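Colleague: Okay, handing you the structure first.
The values are calculated or read from the model by the stated rules, or taken from the named source; none is laboratory data. These numbers come from a predicted model, not from an experiment. Methodologically, a virtual Cβ is constructed for each residue, glycine included, from the backbone with ideal geometry; neighbour enumeration extends over all protein chains shown. Please note that ligands, DNA and RNA were not included when accessible areas were found on the heavy atoms of the full protein model with its side chains. Shrake-Rupley method; radii C 1.70, N 1.55, O 1.52, S 1.80 Å.
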Amino acid sequence: MTSRYNTIQKKDDNVNDGAICKIAIIHDFLVYHGGAERILQELIDMYPTASVYALLYDKEKMNDWFGHVKVQTSFLQKWPRWITKHHRWLIPFYGTAVESFDLRDFDLIISSSGAWSKGIVTRLHTKHVAYIHSPMRYVWDENEHYLKKNTGIKYKLCVRMLLSYLRVWDHQAGQRPDVLIANSLYTKQRIEKYYRRDAHIVYPVVERRELSAERITYDQKKHFLIISRLSAYKNVALAIEVCNKLQLPLMVIGEGNQEKNLKKIAGETVTILGWQEEEKKNRYLSEARALLFPSEDDFGIVCVEAIGAGVPVIALRKGGACEIVEDGVTGEFFNAPTVEMMADALRRFIEKEGTYDMEAMQKKSKQFSREKFRAEIIKIIHNATCGE
């Protein structure tokens, strides 16, 4: 083995022992930077000689993170820009696009899949390890909600038929990898339900911020904070409505197709900041009284970032947040995504503000280290490729 991360010794009837396998890393889209893209960065750092593929790649927007990487794209990249920037229009073509990648030369495929890349087609002896960020939410758990919120009566039947086809495709695609890895227990349970398969759990890498003696004290904190992709399922509108009613200062960092709508409903105490550089985002986080997390998400990297920085989290008691936040110790939960429930959680937080356990926050954040992520990924890949 010539390197700990970027090469693997194969044991295969068709390959001599000690041969170095060729690796490809497949990602859905490189058009915005979020939690899934951080995992991709980590995988590329672990296997720097791997070939990298994505369905679509916005080189200008992603240059700061992936400018040093040669990214090979699908046939969709050649389509006119006015089409490819509307991702929903391309949904019927994504499955075909990912299946069209020619991966015959590779011995190991690592897919980073929020929806599509797990569906690649491989040779008989090619090993495929899929890191699953989430089974397709809008064709499974959020099917009816998606129809109601995004489809007019005129097109509802056509969209329903499309979603039925996508459920079949997604289930079949979930059978193709040799090994599945889930980013949380919550995702593992969804994989078991929708794909009828078991999965390893490897929590994402989260950069941990050490607390110092000079940190901002709770009485110097200025605002509540949301750091999120501004999509409908992220439920940012709920947090804005609550802060409007309670006249609480709220800063919202992120971009997405809901940004214009959220600016319209934002009251005097709410500021939509849009995309922010990491340095500014860290400053807003350090000055936050609490992070608001109103969505049912598969993990919630930002929750770990917050508690690692000594910032409590007020979260919906669903999804991956339940594996991160400890009620009354590192934050507060609310049981349903309603104004009344979230307002009550904020009231409980304000009553306890300044008493949350900083030591427990730091201890929890250490569970999501780079060293632990890499060790677990390497072990799983070694077992998959060497048959142990």
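Colleague: How many nm is it between the label spots at Leu162 and Gln247, if each spot is 7 Å from the Cα in line with the beta carbon?
Modeller: Placing both labels 7 Å beyond Cα along the Cβ direction yields 4.6 nm.
Colleague: Which of the lysines could a cross-linker bridge to Lys78, judged by Cα under 16 Å and excluding same-chain residues fewer than eight apart?
Modeller: Correct list for Lys78: Lys59.
Colleague: Probe 1.4 Å, all protein chains in place: accessible area of Cys386 in Å², nearest 10?
Modeller: 20
Colleague: Additional query: How large is ³J(HN,Hα) for each residue in segment 371-376, as worked out from phi by the Karplus curve 6.51 cos²θ - 1.76 cosθ + 1.60 (θ = phi - 60°), to whole Hz, x for Gly and Pro?
Modeller: So the Karplus estimates, Gly and Pro as x, are 4, 5, 4, 5, 4, 6 Hz.
Colleague: Hey, what does the equivalent ellipsoid look like for segment 246-388, semi-axes from the Cα gyration tensor as sqrt of 5 times each eigenvalue, largest first, whole Å?
Modeller: They are 30, 19, 15 Å, listed from largest to smallest.
Colleague: I've got another one for you. Subtracting the Cα-Cα distance from 0.36 nm times the residue separation, let me have the gained length for Tyr155 to Trp275 in nm, one decimal.
Modeller: Length gained between Tyr155 and Trp275: 39.9 nm.
Colleague: Something else now. Using a probe of 1.4 angstrom, how much of the accessible area of segment 248-388 is carbon and sulfur, in percent?
Modeller: 49
Colleague: Where the centroid of each part is defined by its Cα atoms, how far is segment 243-314 from segment 66-143 in Å?
Modeller: One Cα centre to the other: 30 Å.
Colleague: List, in the order given, every pair from Lys222/Lys280; Lys234/Lys260; Lys61/Lys127; Lys70/Lys188 whose Cα-Cα distance in the structure shown is over 20 Å.
Modeller: Correct reply: Lys61/Lys127; Lys70/Lys188.
Colleague: If you average 1/r across every pair of different Cα atoms in the chain and take the reciprocal, what Kirkwood value do you get, in Å?
Modeller: Hydrodynamic radius (Kirkwood, Cα pairs) of the chain is 22.1 Å.
Colleague: Can I ask one more? Once ligands and nucleic acids are excluded and a 1.4 Å probe is used, how much of His86 is accessible, expressed in Å² to the nearest 10?
Modeller: About 70 Å², rounded to the nearest 10.
Colleague: Helix 185-195 sits at what angle to the longest principal axis of the chain, using alpha carbons and giving 0 to 90 degrees rounded to 10?
Modeller: The answer is roughly 50 degrees.
Colleague: So, with +1 on the Cβ of K and R and -1 on the Cβ of D and E, and no other charges, what is the size of the charge dipole of the chain about its Cα centre, to the nearest 20 debye?
Modeller: I would put it at about 1020 debye.
Colleague: Given 0.36 nm per residue, what is the gain on full extension from Thr96 to Lys70 after removing their alpha carbon distance, in nm?
Modeller: Additional length available on full extension: 7.1 nm.
Colleague: Excluding ligands, DNA and RNA, what is the solvent-accessible area per residue of the chain at a probe of 1.4 Å, expressed in Å²?
Modeller: Per residue, the chain has 48 Å² of solvent-accessible surface.
Colleague: Nearest 10 degrees is fine. How inclined is helix 339-352 to the longest principal axis of the chain, computing both from alpha carbons?
Modeller: 70
Colleague: Does segment 94-135 come out rounded, prolate or oblate by the C-alpha gyration tensor, with a ≥ b ≥ c the root eigenvalues, rounded set by a/c under 1.5 and, if not, prolate when a/b is larger than b/c and oblate if not?
Modeller: It is oblate, given that a/c is not under 1.5 and a/b is not larger than b/c.
Colleague: Let me ask you something else. With a cap of 16 neighbouring Cβ atoms within 10 Å, and only residues DSSP puts in a loop, list the trypsin sites (Lys or Arg not before Pro) found in segment 71-126.
Modeller: Of the trypsin sites (Lys or Arg not before Pro), the ones in loops of segment 71-126 whose Cβ has at most 16 other Cβ atoms within 10 Å are Lys85, Arg104, Arg123.
Colleague: Here's something else I'd like to know. Shape of segment 311-363 from its Cα gyration tensor (a ≥ b ≥ c, root eigenvalues): rounded if a/c is under 1.5, otherwise prolate when a/b > b/c, or oblate?
Modeller: It is oblate, given that a/c is not under 1.5 and a/b is not larger than b/c.
Colleague: Provide His87, His133 ordered by accessible surface of protein heavy atoms (probe 1.4 Å), highest first.
Modeller: From most exposed to least exposed: His87, His133.
Colleague: Any chance you could run the full-extension gain for Lys85 through Glu207? It's 0.36 nm times the residue separation minus the Cα-Cα distance, nm to one decimal.
Modeller: Gain on stretching Lys85 to Glu207: 40.9 nm.
Colleague: Per-residue ellipticity at 222 nm for the chain, helices alone: DSSP H runs ≥ 4 residues times -39500 (n - 2.57), over residue total, nearest 500 deg cm²/dmol?
Modeller: -11000 deg cm²/dmol
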